[in-house]
Amino acid sequence: MTGAVSPDRRRFLATGAAVLGAAVSAQLWLPDTARAAETPLPDGLFSLGVASGDPLPDGVVIWTRLAPAPLNGGGMPNSTVPVQWEVAEDERFRKVVRRGTAQARPTYGHSVHVDVRGLRAGATYWYRFRADGQPSRVGRTRTAPAATSSPGGLRVALASCQNWQQGYFTPYADMLAQDPDVVLFVGDYIYESSPSATAVRRHEGTGEPFSLTQYRNRYAQYRSDPDLAEMHANAPFVVTFDDHEVDNDFAGDIPQDPGKQAHDAFVARLTAAYQAYYEHMPVRATAVPNGPHIRMHRRLDFGRLARLNVLDTRQFRSDQATSQAGAQDPSLTMLGAEQKRWLLKGLRGSPARWNLIASQIMMAETDLKIGEGKLWYYDAWDGYQAERNALLQQFRGVRNPVVLTGDRHLTMVSDLKENYARPTSATVGAEFVGTSISSNGDQDQAAFRKQWDPLRADNPHWKLLDAHRGYHLFDIRRDRIDAQVRIVDTVLRPKSTPRTLARLRVDAGRPGVRVV
Ligand code: FE
Ligand code: CA
């Protein structure tokens, strides 16, 4: 019932109560919305800013969360609050094309996700919210191109791994200047680590988050980074999570260290972490969590130019192998049967020129053993050899597959090979591992070279390796993808200087990637 109370009705109830001097007992039947109107809400309702995401040809999700005390549970009363929203064709809201009222409910941390529909394809829109007389800032967003259209270009930014304690999120300032159509974030949006006294900036709280309130506070702190907030307010994001949104290296309902977190406690942690994730991300209602489960794998089409398959490589995976032999066990799965079927169907039946796969973790091989023999990271696709190899074989029948990845805190650009055991096997695609926004901070580049360059002979599919902080920018066209590795000189100060480290190209119809 509370959901049906309009702002006008709410105002009427509030006024009525004041005029009649209503007794407390008379309020008991009133819905939460009415009770909230008795006292004005605190200032600063929109401290977390605005965001948008998951663009469709006819719509986009617009997001906000009411949180006048963002680092202290939000600071809202335990009542539902109506939030008015408007979408316009112009920045000054002279041509409002959609408007409505959403309900910010305490059960979702007073977050609001409006799935605005009825918009024009491939168009820019502005949006804003208002609650209890307080206006939000204005956000800008963009819908996807029409399904049957063949857009001339699409600009995508690939970001991942933003550790608050290890640096400022300054690569977003450059990303904003590059004006992408969409930002793809492939995981480690927050880090669950405890506050460190020696950090560049310190995590809030007193330890790792476990409860919903603790995760809410952590997300709220991350959103207070001005460059991240500005980027969210200026382009739609497509997000997926990796491990640090919950617990390092978790797999399904198995924590990193089962000896330290009992199963029931970890399920409760997953439930809290997924709910806080939903509450803070501009995602559709399909991502409303169901206890310790959240639907994150999904597909977004950008006309006939590009199809984006967003994977979930955390919830359905088998526990990590602990040996080279274990990594080759054919019973291990990364995607789970349902998601694997869904992915293959979406790849084979795709009408798109480019078939992008957003994977949290690297797909190309990383052989860490110099010379004879191999040594893999078991948390990445290398640790799930049988399923990875089968997937790469399927890429032969897919039009222009390109994998976009994070996790490594490095730029790693690779050819995807049909069989990494045979370096001469066919190249079936390209992969970009998009370094990190801030994780690992400013790395010692010489030390990095010393450690990684000797591995290049064992990994001839690597085309570019680098350890600067930043992101990758893709200009996707019919005949090619032009990629730029955009880096910053430092993340240890709130302002940085950006530059292009390298340009790469993927040509349509010719699998693989090259530095240009
Ligand atoms: Fe990370
Ligand atoms: Ca080797």
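A short reminder: the numbers here are calculations on the coordinates, not readings from a lab. Just so we're clear, the structure is a prediction, and the values are computed from it rather than from any experiment. Neighbour counts run over all protein chains shown; Cβ positions are idealised from the backbone, glycine included.
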Order these by the 10 Å Cβ neighbour count, fewest first: D54, D257. D257, D54
Using the alpha carbons of segment 140-237, what is the convex hull volume per residue in cubic angstrom, as a whole number? 108
Sorted by chain and then number, the residues having a modelled amide H within less than 5 Å of the amide H of A502, at least 5 places away or on another chain, are V485
Residue-wise HN-Hα coupling along segment 496-504, computed from phi with Karplus coefficients 6.51, -1.76, 1.60 (Hz; x: Gly, Pro): 9, 10, x, 7, 8, 6, 7, 10, 10
For the chain (alpha-carbon point model, no solvent) the Debye-based log₁₀ I(q)/I(0) at q = 0.07 Å⁻¹ works out to -0.39
Would you grab the residues whose amide H sits under 5 Å from the one on G75? Only those 5+ places off in sequence or on another chain, please, with H modelled 1.01 Å from N. A69
Can you give the translational diffusion coefficient of segment 382-466 in µm²/s, computed by Stokes-Einstein from the Kirkwood radius over Cα pairs at 10 °C and 1.306 mPa s? 113
List the aspartates and glutamates whose Cα sits under 12 Å from the Cα of K374, skipping any in the same chain fewer than 8 residues away. E365, D382, D458
Among the listed pairs K345/K463; K417/K463; K369/K417, which are separated by more than 21 Å between their Cα atoms? K345/K463
Those chymotrypsin sites (Phe, Trp or Tyr not before Pro) from segment 444-500 that are DSSP loop and have at most 10 other Cβ neighbours within 10 Å turn out to be none
Residue order, fewest to most beta carbons within 10 Å, for R304, R99: R99, R304
How far apart, in nanometres, would the label points at D479 and S323 be if each is projected 7 angstrom from Cα along the Cα-to-Cβ direction? 5.4
Please report, in whole Å, how far the alpha carbons of segment 325-371 spread along each principal axis, starting with the longest. 42, 24, 16
Counting only residues 5 or more apart in sequence or on a different chain, those whose built amide H sits under 5 Å from that of L48 are R65, A67
Could you work out how much longer the chain between A421 and S331 gets when fully extended? Use 0.36 nm per residue separation minus the Cα distance between them, nm to one decimal. 30.4 nm
Between R137 and A123, the two model label points (7 Å from Cα along the beta-carbon direction) sit apart by a distance in nm of 2.5
Among A67, L391, V515, whose Cα sits farthest toward the positive end of the charge dipole of the chain (+1 at Cβ of Lys/Arg, -1 at Cβ of Asp/Glu, about the Cα centre)? V515
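Please work out how much length the chain gains when fully extended from D257 to D179, using 0.36 nm per residue of separation minus the C-alpha to C-alpha distance, in nm with one decimal. Intermediate results must be reported in sequence, preceding the final value.
Working: separation 78, 0.36 × 78 = 28.08 nm, distance 4.12 nm.
Gain on stretching D257 to D179: 24.0 nm.
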Express in nm, to one decimal, how much length is gained between Q445 and H293 on full extension, taking 0.36 nm for each residue of separation and deducting their alpha carbon distance. 50.8 nm
